[in-house]
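*Asks:* Quick one: the structure is below, questions incoming.
Please treat every number below as a calculation from the coordinates, not as lab data. Bear in mind the structure is a predicted one, so any value in this text is a computation, not a measurement. For neighbour counting, all protein chains shown are included, and Cβ atoms are generated from backbone atoms with ideal geometry for every residue, glycine included.
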Amino acid sequence: MISTNRHLSGLISLFTKWAGEKSISSYKLPQSGSNRIYYRITSENKTAIGVFNINKKENIAFIDFSKSFLNNKLNVPQIYDADLSNNIYLIQDLGDYTLFNFIHEKGTTENQILITYKDVIDQLIKFQITASKNINYKVCYPRESFDKQSIIWDLNYFKYYFLKLAKINFDEQELEDDFNNLADYLLTTDCNYFMYRDFQSRNIMLYNNSAYFIDYQGGRKGALQYDLASLLYQAKADLPQNIRDELLNYYICKTKTIININEKEFVKFYNAYVLIRIIQVLGAYGYRGFYEKKSYFIQSIPFAIENLKHVLKKINIPVQLPALNNVLNQIVNSKELTFKQDIKKSDKLTVTITSFSYKNGIPIDISGNGGGFVFDCRANSNPGRYDEYKQLTGKDKQVIDFFKKDKKIFNFLDDVYSIVDSSVDKYIERNFLNLMINFGCTGGQHRSVFCAENLAKHIENKYNVNVVLHHTVIDSWGLGV
């Protein structure tokens, strides 16, 4: 692999050759969801973006697509120079202001959002239909089309990086059968257009009063519905549903002036492609968030789940998907994965207190804070060993009375209060927003629940903070999981 100094040096050489003047500054731009490295390089009169990407096939696809799009007068960055043997190239600097920035800017109205998105949709249709005729699909990476193999890759990414890391229960073979059935169904619509793949507001720059488009190196042949689903159901964009509906209708009307489409069939497949896109996004959030511990992606999960809730109400797929429906319902009903929906606007510290079973693993910190305290309750007396308590929980009077007779657990709690209080005091002082505290025991039913309940009361009585209490085992009993 090329060292940082070497590829930056190569980019500066490309820049000097293109600009005809020496660079006076270069700095690395923040990375998001890819492994590509970007630099902004400037001289006295010019600026450009230098890109280093070790994936040679992606680089070839990006350069080739760019040439086709520019020939079709689409708004993509100019390619100033490239040295693909060293995995570097130089492109037009389109600034830092994205469509995502625009829609979340204070004072932006729904009417302004609609006008801007309609312009973006006009451009999307040109990518998908007009430019598609001139694209060399042989350079697509990793495959020429969004075929069954590509769909199964996305579904397995979701399975291994989201479902397993979020501890969602499923039967592997039954879920695989549903994956195959869903993939087969998705491919029964027309899949002969250019599919941008990641057509969302962070990849759309607003530059010189126009929308410009980046990060299309993953493009391939596919269905029209996928990119529209990506745009309108981007998790953190959080578009109001009335705007989504109006833009869907706008897209259909504009597309019908170019090609013949059956509107009813289009919408039916559109909802199915919204589902597969959300599933793909959750897989990416699981990898970047749960696995790589990147807080932005963890914090995006509740927004994606909110979109999932909506599409599950509307979708009508004429194939049976019982195992997939089961895991999706577990996700939308999970307090652990969705609780930020209730507290995301709070400016007070939120203390999340969770009981769990060690058999299922320590709960995920969805706040993005990276986790907090984990207290092991298994050294305390276990009422679950006795028949009269086996069907009860740490919230029931009989179990509470059991603990009152054995004072040991209260000594344990006094130590917990002392440790936690010092952190809560410091978190409030420093304006931190999230602290997670977990109590684990063997079954997640008696000791951990009792301790979590008591700590919640202690903190609510002592501090002016939000308290979120979640019992991962007993809260799931009513969900059939």
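*Asks:* What is the angle, in °, between the Cα long axis of helix 110-125 and the longest principal axis of the Cα atoms in the chain? Nearest 10 is fine, range 0 to 90.
*Replies:* It works out to around 60 degrees.
*Asks:* How much net charge surrounds Ala379 when only the other residues with a Cβ under 11 Å from the Cβ of Ala379 are counted, with Lys and Arg +1 and Asp and Glu -1?
*Replies:* +2
*Asks:* Summarise the long-distance tail of P(r) for segment 145-210 by giving the % of C-alpha pairs beyond 13 Å.
*Replies:* 73
*Asks:* Calculate, in nm to one decimal, what Asn180 and Lys28 gain on full extension: separation in residues at 0.36 nm each, minus their alpha carbon distance.
*Replies:* Separation in residues times 0.36 nm, less the Cα-Cα distance, equals 50.5 nm.
*Asks:* Go through the cysteines of the chain and tell me which have no other cysteine Cβ under 4.7 Å away.
*Replies:* Cys140, Cys191, Cys253, Cys451
*Asks:* Over all distinct alpha-carbon pairs, what is the Kirkwood Rh of segment 99-332 in angstrom?
*Replies:* Over segment 99-332, the inverse of the mean reciprocal pair distance is 18.3 Å.
*Asks:* Could I ask something else about it? Pulled fully out, how much extra length does the chain show between Lys408 and Lys164, if you take 0.36 nm times their separation in residues and subtract their Cα-Cα distance?
*Replies:* 84.2 nm
*Asks:* Then there is this: In square nanometres, what is one fourth of the surface area of the convex hull spanned by the alpha carbons of segment 425-481?
*Replies:* The number I arrive at for segment 425-481 is 4.7 nm².
*Asks:* Please list, ordered by chain and number, the residues whose modelled amide H lies under 5 Å from the amide H of Tyr193; skip anything fewer than 5 residues away on the same chain.
*Replies:* For Tyr193, the qualifying residues are Gly222.
*Asks:* Mind jotting down the three principal axis lengths of segment 341-479 based on Cα atoms? Whole angstrom, largest first.
*Replies:* Projected onto its principal axes, the Cα set of segment 341-479 covers 46, 33, 22 Å.
*Asks:* Please list, in order, the residues from segment 14-38 whose amide nitrogen is less than 14 Å from a point placed 7 Å along the Cα→Cβ vector of Asn45.
*Replies:* In segment 14-38, the label zone of Asn45 (backbone N under 14 Å from the point 7 Å along Cα→Cβ) covers 18-23.
*Asks:* Tell me the net charge near Ile259. Cut-off is 14 Å between Cβ atoms, Ile259 excluded, with +1 for each Lys or Arg and -1 for each Asp or Glu.
*Replies:* Within the 14 Å Cβ shell, the charges total +1.
*Asks:* At 222 nm, what helix-only mean residue ellipticity would the chain give, in deg cm²/dmol to the nearest 500, using -39500 (n - 2.57) for each DSSP H run of four or more?
*Replies:* -14000 deg cm²/dmol
*Asks:* If you fit an axis through the alpha-carbon atoms of helix 56-71 and take the longest principal axis of the Cα set of the chain, what angle between them do you get, 0 to 90°, nearest 10?
*Replies:* Helix 56-71 sits roughly 50 degrees off the main axis of the chain.
*Asks:* Another question, then. Using the structure shown, list the pairs from Lys236/Lys348; Lys133/Lys221; Lys268/Lys314 with a Cα-Cα distance above 20 Å, or answer none.
*Replies:* Lys236/Lys348
*Asks:* Run the quick spin-label model on Ile258 and Asp245: label points 7 Å from Cα toward the beta carbon, then report their separation in nm to one decimal.
*Replies:* The modelled label-to-label distance comes out at 2.6 nm.
*Asks:* Let me ask something additional. Where the convex hull is taken over the Cα atoms of segment 109-167, what is its projected area averaged over directions, in nm²?
*Replies:* 6.9
*Asks:* Distance cut-off 32 Å, Cα to Cα: go down the list Lys138/Lys294; Lys106/Lys294; Lys56/Lys148; Lys126/Lys148; Lys359/Lys404; Lys57/Lys148 and report the pairs above it.
*Replies:* With Cα atoms farther than 32 Å apart: Lys138/Lys294.
*Asks:* Related question: Report the net charge of residues surrounding Ile88, where surrounding means a beta-carbon distance below 14 angstrom and charges are Lys +1, Arg +1, Asp -1, Glu -1.
*Replies:* Around Ile88, the surrounding residues sum to +2.
*Asks:* May I ask for the angle, rounded to the nearest 10°, between helix 295-314 and the longest principal axis of the chain, with both axes built from Cα atoms and the value confined to 0 to 90°?
*Replies:* That works out to roughly 90 degrees.
*Asks:* Using a Förster distance of 22 Å, how high is the FRET efficiency between Ile400 and Phe373, based on the Cβ-Cβ distance and rounded to 0.05?
*Replies:* Given R0 = 22 Å and the Cβ-Cβ separation, E is 0.45.
*Asks:* So, one more: Any lysines with Cα under 16 Å of the Lys46 Cα? List them, leaving off those in the same chain fewer than 8 positions away.
*Replies:* List returned: Lys17, Lys22.
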